[in-house]
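Encoded as structure tokens, the structure appears first; notes follow it.
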Amino acid sequence: MRRSLACATATVLAAGAFAVPARAATPATPAKVVYGYAWPDGKGHLRVVPKSATLVKKKGPLGYRLTPIAGAKEVRLDYTKAAVGRVTVACGLKETEGQVALDAKGLGRTRCKPADLAASLESGARPLRVEFRGGRAVRVNEILVSNWPNPRTARGTIARVDDRTVLFVTGGKTYKLGYSYLTYFYRTTARCKDGWLAGRPVHADRNGLGTQACDSRDLARALRSVEHPVLAKLRYSPETGGIDEVWEVYGDA
């Protein structure tokens, strides 16, 4: 009797093992990849408009040709947990200084920390390849660009987005542009720290353009003093999304 009960119990347990299969592990969501010129967008975040990237084989270091993608939408990513690969031979360098660290795919291979990427982004646009899931970057590699765009100059209106970003409207188009500590700001005002077009235009040329050389901190401060778009002349690159120079223009209403 005991033997029969034991056999019956074993049969039920065996059947149960087949009736409830082990749950399969859920595969990780595949990472997406974006190439483009990145700008800082808040602490630990970057923004980038996706570009089409082609690796160019030529003499010297490998570089990518980045071209616009029609209708591409800006991506904002948290990179605080990302693995970072820089093209410089040391993490703390701002420029390559003639020596580059690239792998066979032309990606920066010097292993660095997110803080090093943050410091790099402070100096302006950085061409990157970014792997990401959702709104978080998993891996960020700097790349070299074979066709760095030439800037253009135009007049239009600028409106403040934050202390390093503006919306520039010119020729019927609107561009979201970033600026860094390397951006020059030429003022018509008596002092660099004055509000936008404050006081008499003591530093204006015959075309009403500012001639007093100031810096990006003065630009950020001046734009905080106005709540509406203001007239300006910019030397900028719509491809990289960056500003090299800003002229305050006297005569803005």
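Would you mind telling me which residue in GLY108, GLY124, GLY135 has the biggest mean-square fluctuation in a Gaussian network model of the chain, where springs connect alpha carbons within a distance under 10 angstrom? Checking each option, the largest mean-square fluctuation is seen for GLY135.
Per-residue 3J(HN,Hα) values for the stretch 35-40, derived from phi via the Karplus relation 6.51 cos²θ - 1.76 cosθ + 1.60 with θ = phi - 60°, read 10, x, 8, 9, 10, x Hz in sequence order (x marks Gly and Pro). Quick one: which of LYS57/LYS81; LYS193/LYS233; LYS32/LYS81; LYS32/LYS113; LYS32/LYS173; LYS43/LYS94 span more than 24 angstrom between C-alpha atoms? Violating the 24 Å Cα-Cα cut-off are LYS57/LYS81; LYS32/LYS173. Solvent exposure of TRP247, expressed as accessible area, is near 40 Å², computed with a probe of 1.4 Å over the protein chains only. Put simply, the convex hull of the Cα atoms in the stretch 70-190 casts, on average, a shadow of 10.2 nm². The charge dipole of the stretch 134-253, taken about its Cα centre with unit charges on the Cβ atoms of Lys, Arg (+1), Asp and Glu (-1) only, comes to about 100 debye.
Among VAL169, VAL249, the sequence by solvent-accessible area, most first, with a 1.4 Å probe is VAL169, VAL249. In the chain, the longest principal axis of the Cα atoms and the axis of helix 2-19 are about 30 degrees apart.
Here is the result for the stretch 99-138: no trypsin sites (Lys or Arg not before Pro) lie in DSSP coil with at most 11 other C-beta atoms within 10 angstrom of their C-beta. Distance between the modelled labels on ALA28 and LYS73, one decimal in nanometres: 2.6 nm (7 Å Cα→Cβ projection). Relative contact order, whole percent, for the chain stands at 16, derived from Cα pairs under 8 Å and 6 or more residues apart. For the set THR67, THR88, the ranking by accessible area, highest first and with no ligand, DNA or RNA atoms included, is THR67, THR88 under a 1.4 Å probe.
For the stretch 196-253, the list of GluC sites (Glu not before Pro) that fall in a loop by DSSP and count at most 16 other C-beta atoms within 10 angstrom reads GLU227. On the beta carbon distance between LYS176 and LYS105, with R0 = 45 Å, the FRET formula returns roughly 0.95. For CYS214, tell me the accessible area in Å² from a 1.4 Å probe, rounded to the nearest 10. That residue has around 10 Å² of solvent-accessible surface.
The values are calculated or read from the model by the stated rules, or taken from the named source; none is laboratory data. From a predicted model like this one, the values you see are computed outputs, not experimental measurements. Here the Cβ is made from the backbone with ideal geometry for all residues, glycine too, and neighbour counts use every protein chain on show. With ligands, DNA and RNA removed, areas are computed over all heavy atoms of the protein, side chains included. Shrake-Rupley method; radii C 1.70, N 1.55, O 1.52, S 1.80 Å.
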